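Laboratory data are not the source of any read-out in this text; all were calculated from the coordinates shown. Being a predicted model, the structure only gives us computed values, none of them experimental. When we count neighbours, we look across all protein chains shown, and the Cβ atoms used for this are built from the backbone with ideal geometry, even at glycine.
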Amino acid sequence: MSKILIAYFTASGETRKAAERLAKLSGGDLFEIVPETPYTDTDVNYHNPLARCNKEWALRRKVPAAGKAPHFEDYDLVLIGFPIWYGCAPNVVNSFCSGYDWTDKKVYVFATSGGSGIGKSGEKLMPYIKGAKILGARRVAGADELRDWADAVRAE
Ligand SMILES: Cc1cc2nc3c(=O)[nH]c(=O)nc-3n(C[C@H](O)[C@H](O)[C@H](O)COP(=O)(O)O)c2cc1C
């Protein structure tokens, strides 16, 4: 059985709920990815063209992640979770991923969204997790779905 890390970013709490449930079901450890400058509600109000999130996206700004996941090297399997932003992972998730050696890690990607599917958000993470193998990427919604998926994760 793999030692599992669940590293997730959340702006409004949905992805945290999924991550916490996955942690319970899989026995994995949780790490919350937090930007060096945390987002306020105003920052993520994407209806406002001048909101921080829209500017970062339009200008492809780097959004550094605060802190480091402890003992990252000890984990065999990493679940990376985030809300879909503009069809893929928020920039801070890329920054988080860039900070580690991913050689031979197994990775599952999960996301919550307002409706968009997982799309290519798994593939788009690849440049930031070089040497890792993505076993699957999916949008998670209901609790039953999470349970079925956690069974597969635990079997790794
Ligand atoms: C900046 C921003 C961009 C978003 N872009 C999308 C999108 O492209 N497609 C989608 O379905 N939902 C989009 N959403 C909605 C979130 O993916 C959705 O509400 C998610 O579950 C929020 O997760 P959280 O509570 O963990 O932050 C976006 C939300 C924000 C704040």
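If we count other beta carbons within 10 Å of each Cβ, what is the order of 37, 112, fewest first?
With the fewest neighbours first, 37, 112 line up as 37, 112.
Output the Kirkwood hydrodynamic radius of the chain, Cα pairs only, in Å rounded to one decimal.
15.6 Å
Give me 12, 95 sorted ascending by neighbouring Cβ count inside 10 Å, so fewest comes first.
With the fewest neighbours first, 12, 95 line up as 12, 95.
Of the listed pairs 68/106; 17/62; 62/124; 17/124; 62/105; 17/133, which have alpha-carbon separations greater than 21 Å here?
17/62; 17/124; 62/105; 17/133
If you restrict to DSSP beta bridges whose two residues both lie in the range 1-146, what percentage is antiparallel, to the nearest 5?
For the range 1-146, the DSSP antiparallel bridge percentage is about 10.
Divide by every residue of the chain the summed helix terms, -39500 (n - 2.57) for each DSSP H run of at least 4, and state the resulting mean residue ellipticity at 222 nm, rounded to the nearest 500 deg cm²/dmol.
-8000 deg cm²/dmol
Going by C-beta contacts inside 10 Å, put 30, 146 in order with the fewest on the left.
With the sparsest Cβ surroundings first, the list reads 30, 146.
Over the chain, calculate the relative contact order: mean separation of alpha carbon pairs under 8 Å at least 6 apart, over the residue count, as a percent.
25 percent
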